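Q: I have a structure I would like to understand better, so I am pasting it below and will then ask my questions one at a time.
Laboratory data are not the source of any read-out in this text; all were calculated from the coordinates shown. Given the structure is predicted, the values throughout are model-derived calculations rather than measurements. Heads up, the Cβs are rebuilt from the backbone with ideal geometry, glycines too, and the neighbour counts pull from every protein chain shown.
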């Protein structure tokens, strides 16, 4: 097995585990995203708030897709 094949297998396992967590603990995933966004916003003095909000919304959407929810929640854009 080549290095790239091994890497793809490992990444596939990591993606599966992340999907399981997103399915089992969506509230914790959202909380983590919110905390990371608040920290980034605080560290930048609010200068990039809009971009951070957009990034947090995209992270929530990705977590929803990874967890198989299909993005049915209202993210509201608040951090």
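Q: What do you get for the angle between helix 49-67 and the principal long axis of the chain? Use alpha-carbon atoms, 0 to 90 degrees, nearest ten.
A: Its long axis makes an angle of about 30 degrees.
Q: 222 nm [θ] for the chain, helices only, -39500 (n - 2.57) per DSSP H run of 4+, per residue, to 500?
A: -25500 deg cm²/dmol
Q: Further question: Output the 0 to 90 degree angle, nearest 10, between the alpha-carbon long axis of helix 26-43 and the longest principal axis computed from the alpha carbons of the chain.
A: It is inclined by approximately 50 degrees.
Q: Relative to the longest principal axis of the chain, what angle (0 to 90°, nearest 10) does the C-alpha long axis of helix 3-24 take?
A: 50
Q: Let me ask something else. State the volume of the convex hull built on the alpha-carbon positions of the chain, expressed per residue in Å³ and rounded to an integer.
A: 102
Q: By average Cβ neighbour count within 10 Å, what is the ranking of 5-12, 17-24 from highest down?
A: 17-24, 5-12
Q: Using a 10 Å cut-off on Cβ atoms, rank the peptides 45-52, 31-38 from the highest mean neighbour count down.
A: Those peptides, ordered most packed to least, come out 31-38, 45-52.
Q: At what distance in nm do the modelled label points of residue 1 and residue 50 sit from each other, each positioned 7 Å from its Cα along Cα→Cβ?
A: The two pseudo-label positions are separated by 4.7 nm.
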